[in-house]
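Trainee: Okay, handing you the structure first.
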Amino acid sequence: MSDEITIGLVSISDRASDGTYEDQGIPALRDWLGRALTTPWKAETRLIPDERPLIERTLMDLADTAGCSLILTTGGTGPAPRDVTPEATLAVGEKEMPGFGEEMRRISLNFVPTAILSRQVAVIRGKCLIVNLPGQPKSIRETLEGLRAPDGSVSHVGIFAAIPYCIDLIGGPYIETDETVIKAFRPKNAIRAKQG
């Protein structure tokens, strides 16, 4: 039987956290994960301003105390002075996983040339993978799920395809996905028989 996974969903925005506008990041993440995961999961959500010490404390608390195996952040990854999510993420990580950021930028470059301004990073802290995602719901879905051709077939695989196996490798729970949304890739020797 698949283990339940605890996933941290962190939206980092001065204006959303102070109520100037409604946060769209956490609802977008919840919606996508609700469609993509077949493994039982629960969310630990945080809506916080662009303050580096607070971001660092939040990520550490979710990884070390709340028991998250995966933390997805949204917002604060651009070049503006208050965009400090990548710095905070790198500060709390033990290993950097540069392929995630590289691939997110490559996916987003299919749509906008300003994707090269994004500074998303991913790190491992203990048994937790932390990934910075873009801020817009459409971009969140595209980077996680990938791109589809007009006939609905996958033309470019999203980053979430690699996340379940990464979590396996760091000692986290076994995560299964709905393959119509995103197929989790694992080497043959790492695939468990489906339950049910």
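Trainee: Helix-only estimate, please: 222 nm mean residue ellipticity of the chain, summing -39500 (n - 2.57) across DSSP H runs of length 4 or more and dividing by its residues, to the nearest 500.
Mentor: It comes out at -9500 deg cm²/dmol, rounded to the nearest 500.
Trainee: Using 0.36 nm times the number of residues separating residue 186 and residue 18, minus their current alpha carbon distance, what extension gain do you get?
Mentor: Here the segment from residue 186 to residue 18 would lengthen by 56.4 nm.
Trainee: For region 53-139, give me the percentage of DSSP beta bridges that are antiparallel, rounded to the nearest 5 percent.
Mentor: Counting only bridges with both partners in region 53-139, antiparallel ones make up about 55 percent.
Trainee: Using a cut-off of 15 Å between beta-carbons, work out the net charge of the residues near residue 41 (Lys and Arg +1, Asp and Glu -1, residue 41 not included).
Mentor: -3
Trainee: Then there is this: Could you tell me which of rounded, prolate or oblate describes region 1-76, using a ≥ b ≥ c as the square roots of the eigenvalues of the alpha-carbon gyration tensor, with rounded for a/c under 1.5 and, failing that, prolate when a/b is larger than b/c and oblate otherwise?
Mentor: Working: a/c = 3.22, a/b = 1.45, b/c = 2.23.
Since a/c reaches 1.5 but b/c is at least a/b, the shape of region 1-76 is classed as oblate.
Trainee: Then there is this: Measuring with a 1.4 Å probe in the full set of protein chains, what accessible area per residue, in whole Å², belongs to the chain? List each step's numbers first, then the result.
Mentor: Details: 9580 Å² over 196 residues.
Per-residue accessible area for the chain comes out at 49 Å².
Trainee: Could you pull out which residues in region 23-66 have an amide N less than 20 Å from a spot 7 Å beyond the Cα of residue 111, following the Cα-Cβ vector?
Mentor: Residues 23-37 fall inside that zone.
Trainee: Still on this structure: So, in Å, what gap is there between the alpha-carbon centers of region 11-80 and region 82-148?
Mentor: If you average the Cα positions of each part, the centres end up 13 Å apart.
Trainee: List the extent of the Cα atoms of region 87-150 along each of their three principal axes, largest first, rounded to whole Å.
Mentor: 40, 22, 19
Trainee: Taking K and R as +1 and D and E as -1, what net charge do the other residues with C-beta under 13 Å from the C-beta of residue 26 add up to?
Mentor: Surrounding charge for residue 26 is -2.
Trainee: Going by amide H atoms built from the backbone, whose H comes under 5 Å of the H on residue 13, apart from near neighbours?
Mentor: Those lying under 5 Å, H to H, from residue 13 are 48, 50.
Trainee: Give me the count of lysine pairs in the chain whose alpha carbons sit under 28 angstrom apart, restricted to pairs 8 or more positions apart or on different chains.
Mentor: Lysine pairs meeting the criterion: 14.
Trainee: I want the antiparallel fraction of DSSP beta bridges within the chain, as a percent rounded to 5.
Mentor: Counting DSSP beta bridges with both partners in the chain, the antiparallel share is about 35 percent.
Trainee: Report, in debye and to the nearest 20, how large the dipole of region 1-123 comes out about its Cα centre when Lys and Arg carry +1 and Asp and Glu carry -1 on their Cβ. Present the calculation step by step, with values, prior to reporting the outcome.
Mentor: Numbers: 12 positive and 19 negative charges, 64 e Å.
My answer is approximately 300 debye.
The values are calculated or read from the model by the stated rules, or taken from the named source; none is laboratory data. Just so you know, these numbers come straight off a predicted model, no measurement behind them. With ideal geometry, Cβ positions are generated from the backbone for all residues, glycine too; neighbour counts draw on all protein chains shown. Only protein heavy atoms, including side chains, enter the accessible area calculation; ligands, DNA and RNA are left aside. Shrake-Rupley method; radii C 1.70, N 1.55, O 1.52, S 1.80 Å.
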